[in-house]
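What follows is a single structure, written as structure tokens, with notes after it.
The values are calculated or read from the model by the stated rules, or taken from the named source; none is laboratory data. Nothing here was measured: the structure is a model prediction, and the numbers come from that model. Positions of Cβ are backbone-derived with ideal geometry, glycine not excepted, and every protein chain shown enters the neighbour counts. All accessible areas refer to the heavy atoms of the entire protein, side chains included, with ligands and DNA or RNA removed. Shrake-Rupley method; radii C 1.70, N 1.55, O 1.52, S 1.80 Å.
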Amino acid sequence: MISISRTFRVAIVVVALMSLASQAQAAALTPANIRMDFILGGKHAPWFVALEKGFYAKRGINATIQSSTGSADTVRTIGSGGADFGFADIATMIVAKSRGTPVQAAAQFGYVPATVLWRDEGVIKGIKDLVGKSWAISPGQAQWYLMPAYCRINKIDFKSIKIQETAAPIQPAALVTKKADFIVMYRASNDEITEQAAAKVGVKLSRVFMKDTGLDIYGTGLVVRDEDVKKRPEFVRAYVEGTLEGLRYSRDNQEEALKILLKHKPELDSALTTTQLKNALTEVFLPVESVSVGLGYMKPEIMDKTVKVINEYFDVERKVSAKEVYTNQFIKR
């Protein structure tokens, strides 16, 4: 009995010491708020993998992952100091940069993944038929900035499109229930939500990828503050490298990545999340340059084109240069 009692006391002391050591380690880490581009879903698994597997902690940061109402909100929050890092639409970030928001991209996660979706019932047969149709959209979403440029590139009269302001979460329902003629979604995100909603009521959809029809520029990426790049480069490096390690691990261990995400966000629909993650890793996040050069690497010629398109077709306050909107200094080649 004495031996058991002593063993029990020793065990309590060991557990207490481990807890204190863990608290001390957490206190030594630099807090970092990471804001995503939208409502959390399958494509955000790499960030939770980086958190769970210690990819952030081993680089000295104690990460907190936040959802968002859209890329504009994310970029604005980072620029004002409300979050340290983010994941957002690069075009939206460049527009904000032209208006004075001190941010830049430190890695790319593929080309524009936006899709134009409509009901396959013969009224709309192609993007030229979007003229005069209703579009369910909410100001502040990345699509709000993409669509006018997309229309100009494809010689579609954007002013003829009937804007129907609709909260982002209910846009799929608006399309399926015929309250809007078309919507613009993101592959590996709300594109799959729309697909799921349509399947439940037997509605067939047609889809066009913007990147395949004129808007072949970088889509989403890791967004950081200019000041941190200059004054706290190791802080930025910890975020970029930790996230990219999470992306690499998710690519190689997709089933485990899904389990980690659902552990942190059990409220997510498992089937939908599985599809989103699969599409993110096979269709969106890993373009050729990420595979052949280095994860997240931004090709100068593509960034030049991205900036040129945005300067010409987007509602910028001033024309920006490519060199001020991105850096590859944190990418391992």
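Picking from residues in the stretch 294-315 that are outside any helix (DSSP H, G or I) and at pLDDT 95 or above, the one that is nearest to the chain's Cα centre (by Cα) is Gly296.
For the structure I just gave you, tell me whether Phe209 is surrounded by 21 or more Cβ atoms within 10 Å (Cβ to Cβ) and closer than 23 Å to Glu121 by Cβ. Here the answer is no, as Phe209 does not meet what is asked.
Annotation for the stretch 294-306: no member residue is hydrophobic (A, V, I, L, M, F, W, C), more than 28 Å from Asp226 (Cα to Cα) and open to solvent by less than 80 Å² (accessible area, probe 1.4 Å). Looking at (1) open to solvent by less than 10 Å² (accessible area, probe 1.4 Å); (2) over 30 Å from Lys259 (Cα atoms); (3) assigned to a loop (DSSP other than H, G, I, E, B), which one does Ala83 not meet, given that it meets all the others? Single failed check for Ala83: (2).
Here the strands (runs of 3 or more DSSP E) wholly within the stretch 105-173 that include at least 3 residues being open to solvent by 30 Å² or more (accessible area, probe 1.4 Å) are 162-165. Applying the criterion of being in contact with a helix residue (DSSP H, G or I) (Cβ under 6 Å, 6 or more places away or on another chain) and in a strand (DSSP E or B) to the residues of the stretch 86-96, the residue that is surrounded by the most Cβ atoms within 10 Å (Cβ to Cβ) is Ala88.
I'd like to check something: does the stretch 252-269 contain any residue that is over 19 Å from the mean Cα position of the chain (by Cα), surrounded by fewer than 17 Cβ atoms within 10 Å (Cβ to Cβ) and not charged (D, E, K, R)? Explain how you work it out, then say what you get.
Taking the stretch 252-269 first, the residues over 19 Å from the mean Cα position of the chain (by Cα) are 252-253, 255-256, 259, 263, 266-267.
Right, trim to surrounded by fewer than 17 Cβ atoms within 10 Å (Cβ to Cβ) and you get 252-253, 255-256, 259, 263, 266-267.
Right, trim to not charged (D, E, K, R) and you get 253, 266.
Scanning the stretch 252-269 turns up at least one residue that is over 19 Å from the mean Cα position of the chain (by Cα), surrounded by fewer than 17 Cβ atoms within 10 Å (Cβ to Cβ) and not charged (D, E, K, R).
Per the conditions (1) closer than 29 Å to Val309 by Cα; (2) open to solvent by 50 Å² or more (accessible area, probe 1.4 Å); (3) assigned to a helix (DSSP H, G or I); (4) among the acidic types (Asp, Glu), the sole criterion not satisfied by Glu195 is (1). Determine, yes or no, whether Leu272 is farther than 24 Å from Phe85 by Cα, assigned to a helix (DSSP H, G or I) and open to solvent by less than 50 Å² (accessible area, probe 1.4 Å). Yes. Evaluate the stretch 291-304: report whether one residue or more is under 21 Å from Ala72 (Cβ atoms) and in contact with a helix residue (DSSP H, G or I) (Cβ under 7 Å, 6 or more places away or on another chain). There is at least one residue in the stretch 291-304 that is under 21 Å from Ala72 (Cβ atoms) and in contact with a helix residue (DSSP H, G or I) (Cβ under 7 Å, 6 or more places away or on another chain).
Give Ala63, Ala50 a once-over and let me know the one that is touching a residue at least 60 places away in the same chain (Cβ under 8 Å), in a helix (DSSP H, G or I) and either out of contact with any Gly (no Cβ under 7 Å at 6 or more places or on another chain) or buried (at least 20 other Cβ atoms within 10 Å of the Cβ) (or both). Steps first, answer last, please.
Details: Ala63 fails: in a helix (DSSP H, G or I).
So the residue among Ala63, Ala50 that is touching a residue at least 60 places away in the same chain (Cβ under 8 Å), in a helix (DSSP H, G or I) and either out of contact with any Gly (no Cβ under 7 Å at 6 or more places or on another chain) or buried (at least 20 other Cβ atoms within 10 Å of the Cβ) (or both) is Ala50.
Scanning the stretch 217-247 for residues that are over 29 Å from Thr194 (Cβ atoms), part of a helix (DSSP H, G or I) and not hydrophobic (A, V, I, L, M, F, W, C) yields Asp226, Glu227, Asp228, Lys230, Lys231, Pro233, Glu234, Arg237, Tyr239, Glu241, Gly242, Glu245. Modelled with pLDDT of 95 or more and buried (at least 16 other Cβ atoms within 10 Å of the Cβ): is that true of Arg99 in this structure? When the stated conditions are applied, Arg99 does not pass them.
Just one of (1) in a helix (DSSP H, G or I); (2) more than 18 Å from the chain's Cα centre (by Cα) fails for Gly214. It is (1). Within the stretch 48-80, being closer than 16 Å to Leu262 by Cα and touching a helix residue (DSSP H, G or I) at 6+ places or on another chain (Cβ under 6 Å) holds for Phe48, Val49, Ala50, Glu52, Ile65.
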